1. Of everything in the stretch 24-43, what is modelled with pLDDT of 70 or more, touching a helix residue (DSSP H, G or I) at 6+ places or on another chain (Cβ under 9 Å) and surrounded by 13 or more Cβ atoms within 10 Å (Cβ to Cβ)? Give them in sequence order.
2. Which pairs turn up if I take residues in the stretch 75-91 that are under 19 Å from residue 65 (Cα atoms) and look for partners that are part of a helix (DSSP H, G or I) with beta carbon separation below 7 Å, at least 6 apart in sequence or on another chain?
3. Do we find that residue 7 is modelled with pLDDT under 85 and surrounded by 10 or more Cβ atoms within 10 Å (Cβ to Cβ) in this structure?
4. Can you tell which of 73, 86, 46, 82 is in contact with a helix residue (DSSP H, G or I) (Cβ under 9 Å, 6 or more places away or on another chain) and part of a helix (DSSP H, G or I)?
5. For residue 91, which of the numbered conditions (1) surrounded by fewer than 10 Cβ atoms within 10 Å (Cβ to Cβ); (2) under 28 Å from residue 9 (Cα atoms) fails to hold?
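The values are calculated or read from the model by the stated rules, or taken from the named source; none is laboratory data. Bear in mind that the values here come from a model prediction, so they are computed numbers and not experimental data. Quick reminder, even Gly has a Cβ in these numbers, built from the backbone with ideal geometry, and neighbours come from all protein chains shown.
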């Protein structure tokens, strides 16, 4: 599985979950109980990881909004500076 620049963490985790599900379908009835348990455990870990990443992203967004609200002039100056740097890099 190749990651694209436009993929979000949730998209990547979701595709991994789909791949694990497909693996479980392929393994199917011929799998031992141990393999099925491993696949089930992996699916749960992926769900947990997705929930955790969503929580971290939401928290990060809230923190960023709070910082911008508290320091709007600094936020504008930082955005301007970042724009200048990006313009200089992209010009080369």
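1. Step one: of the stretch 24-43, the residues modelled with pLDDT of 70 or more are 32-43.
With the extra rule that they be touching a helix residue (DSSP H, G or I) at 6+ places or on another chain (Cβ under 9 Å), the set shrinks to 35-36, 39-40, 42-43.
Within the stretch 24-43, 35, 36, 39, 42, 43 qualify.
2. Between residues of the stretch 75-91 that are under 19 Å from residue 65 (Cα atoms) and residues that are part of a helix (DSSP H, G or I), the close pairs are 75/68.
3. Working: modelled with pLDDT under 85: yes; surrounded by 10 or more Cβ atoms within 10 Å (Cβ to Cβ): yes.
Answer is yes for this residue.
4. Details: 73 fails: in contact with a helix residue (DSSP H, G or I) (Cβ under 9 Å, 6 or more places away or on another chain); 86 fails: in contact with a helix residue (DSSP H, G or I) (Cβ under 9 Å, 6 or more places away or on another chain); 82 fails: in contact with a helix residue (DSSP H, G or I) (Cβ under 9 Å, 6 or more places away or on another chain).
When all the criteria are applied, what remains is 46.
5. (2)
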